[in-house]
Amino acid sequence: MKLERRNAYYCKACKRVTITVDINEGVTPMFILCPHCNCSATSFMYQLPGALHLGVEADYEWYKPNETETLILSKGEAEHVFKGGLLMRKRTKAQPIYKELTR
């Protein structure tokens, strides 16, 4: 069985979970700013319970910006991308990466 390569981030401040999906290969951060309250949210490290895979849409996606997009990034963001990092944006219709579910 194949599932989207998803992660989630938990914010202790507002107690909300933000679900992400990867659409490109690359590195994602351990911490993000919570999109709900702007506090720090911590990664589930891609260890999601089954409920966060089935019937729940991802809110955001991790993508590799193109060359033009990279030119307008901050120095820190550009450095992250040049080292293989991905950026997060609101979910689009882009095809996600899938992973094989193992037992």
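What to note about this one:
- Taking every alpha-carbon pair under 8 Å whose residues sit at least 6 apart, the chain reaches a relative contact order of 37 percent.
- Close amide H pairs (under 5 Å, H built 1.01 Å from N) link residue 5 with 22, 97, 98, 99, residues at least 5 positions away or on another chain.
- Sequence-distant residues sharing a close amide H with residue 85 (under 5 Å, placed H): 27
- Rounded to the nearest 20, the Cβ-based charge dipole of the range 2-96 about its Cα centre (Lys and Arg +1, Asp and Glu -1) stands at 300 debye.
- Once you reduce the range 1-48 and the range 59-87 to the center of their Cα atoms, the two points are 17 Å from each other.
- Candidate aspartates and glutamates for bridging to residue 83, where Cα separation is under 18 Å - those fewer than 8 sequence places away on the same chain excluded: 22, 25, 67, 69
- FRET efficiency, residue 16 to residue 71 (Cβ-Cβ, R0 41 Å, nearest 0.05): 0.80
- Beta bridges by DSSP in the chain, antiparallel share as percent, to the nearest 5: 80 percent
- Value of D in µm² per second that Stokes-Einstein yields for the chain, Kirkwood Rh from Cα pairs, at 10 °C (1.306 mPa s): 111 µm²/s
- Structure-based [θ]222 nm, the chain - -39500 (n - 2.57) summed over DSSP H runs of at least 4, per residue, nearest 500: -3000 deg cm²/dmol
Each reported figure results from applying straightforward, stated rules to the coordinates on display, with no laboratory input. The structure presented is a predicted model; accordingly, all values stated were derived computationally and were not measured. Positions of Cβ are backbone-derived with ideal geometry, glycine not excepted, and every protein chain shown enters the neighbour counts.
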